[in-house]
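Structure, as structure tokens:
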Amino acid sequence: MSFPQLTVHRRDRRNRALITLAGEIDLQSVPLVRAALARCLSDGIRTVDVELALVTFCDCSGLNAFLHAAQKTAEAGGALRLHHPPRTLSLILDVTGSGSLLLGPPLGHPAPPLDVSAPTAQALPHRSVPLAAVSGDAR
């Protein structure tokens, strides 16, 4: 049995945590990510920053873990933000359009204040995504 090639480090400051991940996030290591993020909520942390600069690979199982944790954190009145995602995760965020849900301002910089007085329609960026050929009965 091989062990996940991922290290998780957590640093807390009041009700905010910085989770620093290093290594690969995939099906084998994602339980560590899920556990670390869930532990933040159970410890009363409501703002979670996830530093990914040392992550060399992240697949869709990692994205799923981050989206689930972001949803649970938002339901608890908090926020989860990813910082410096690796290229593999950046591509997945772009293709799925989920970057706006997970990416935040750089660490140490507060998020810009929301202007609720003037709602604006936000246009989605144009993406060219290759379509795969589908054969057979598509029911």
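The values are calculated or read from the model by the stated rules, or taken from the named source; none is laboratory data. Computed from a predicted model, the values in this text were never measured in an experiment. Ideal geometry is used to build each Cβ from the backbone, glycine not excepted, and the neighbour counts take in all protein chains shown. Each accessible area value is taken on the protein alone, full model and side chains, heavy atoms only, with ligands, DNA and RNA left out. Shrake-Rupley method; radii C 1.70, N 1.55, O 1.52, S 1.80 Å.
Before moving on, here are some points about what is shown:
- Point-to-point label distance, D59-L18, nm (Cα→Cβ direction, 7 Å offset): 3.1 nm
- FRET efficiency estimate (nearest 0.05) - Cβ-Cβ, H84 to L27, R0 22 angstrom: 0.45
- For the set E51, E24, solvent exposure ranked by accessible area (probe 1.4 Å, protein chains only) runs largest to smallest as E24, E51.
- Per-pair calculated FRET efficiency, R0 = 22 Å: L67 and D94 via Cβ, rounded to 0.05: 0.90
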